[in-house]
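Below is one structure, written out as structure tokens, with a few remarks after it.
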Amino acid sequence: MLRIISAALLAFIIVCGSSGYGQVQTFGDWTVDLSDPSIYAAVTVNDSNHEFGQYCFFDKDSSCDWFFETNTSCTDGSKYPVLANADSEVVYLEVLCLGEVKGRYANVFTDFEKVDKLIQASKRVGFAVPLHDNEFTVFQWNLNGVTNALSAMRTAAERRSKSIPKSTRDTTII
């Protein structure tokens with residue numbers, strides 16, 4: 001499953017980097033990209049060019065995840081604590097490192113509902129990530145437009161999920 005998510009995220013980043021030929025909409029600071037039929041995304045980019053957002057992929061299980069990608073290294077498959085601070089509350093979270101993807105490191109949150117609730121009720125969010133030697137890096141993003149962006153992406157994802165025929169083909173899980 002980790003390899004599927006990593007492959008999906010790689011495809012997502014490639015799509016977002018070349019979204020000129022697909023369905024792309026902007027809502028405030030957020031961009032919704034529906035150009036790849038296997039991955040839909042609602043993302044924002046901060047002033048340091050780091051991405052934060054939600055992506056939904058349709059390969060096998062039609063699931064959505066919150067993620068961020070930065071230049072702060074992490075070990076593929078490892079989990080890390082994160083302290084989230086937003087105008088609505090402060091929350092302890094955990095991320096799973098998906099490894100390096102095109103020179104950046106991708107992290108997916110392990111508790112979708114907690115992150116979703118925090119984001120929906122806030123105007124800005126910051127994530128404090130522990131580093132070596134008692135240091136932290138704080139990544140911050142504006143959430144202006146997030147509600148409309150998520151609504152547009154989720155509506156499209158729901159329609160897409162309903163249109164995917166359920167296969168009865170045998171599968172091998174690695």
Query raised in the report: Exactly one of (1) farther than 23 Å from residue 152 by Cα; (2) part of a loop (DSSP other than H, G, I, E, B); (3) of a type in the set (S, T, N, Q) is unmet by residue 122. Its number?
Result: (1)
Query raised in the report: For residue 32, are the conditions met, namely being touching a strand residue (DSSP E or B) at 6+ places or on another chain (Cβ under 9 Å) and under 19 Å from residue 110 (Cα atoms)?
Result: no
Query - strands (runs of 3 or more DSSP E) wholly inside region 19-105 containing at least 1 residues that are in contact with a Phe, Trp or Tyr (Cβ under 8 Å, 6 or more places away or on another chain) and surrounded by fewer than 16 Cβ atoms within 10 Å (Cβ to Cβ) - result: 79-86, 90-101
Query raised in the report: Among the listed residues 126, 77, which satisfies the condition of being under 16 Å from residue 44 (Cα atoms), within 17 Å of the chain's Cα centre (by Cα) and of a type outside the set (Val, Ile, Thr)?
Result: 126
Report task. List every residue pair whose Cβ atoms lie under 6 Å apart, where the two residues are 6 or more positions apart in sequence or sit on different chains, the first residue falls within region 23-52 and is under 14 Å from residue 69 (Cα atoms), and the second residue, located anywhere, is in a loop (DSSP other than H, G, I, E, B) and of a type outside the set (Lys, Arg). Result -> 44/29
**Report entry** Count - residues of region 87-143 that are over 18 Å from residue 74 (Cβ atoms), of a type in the set (D, E, K, R) and without any contact (Cβ under 8 Å) to a residue 40 or more places away in the chain
**Finding:** 7
Report summary line: Selection from region 106-119 of residues in a loop (DSSP other than H, G, I, E, B) and not β-branched (Val, Ile, Thr) yields 111
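Each value in this text was obtained by applying a stated rule to the coordinates, not by laboratory testing. Note that the coordinates shown come from a computational prediction; the quantities given were computed from them, not determined experimentally. Methodologically, a virtual Cβ is constructed for each residue, glycine included, from the backbone with ideal geometry; neighbour enumeration extends over all protein chains shown.
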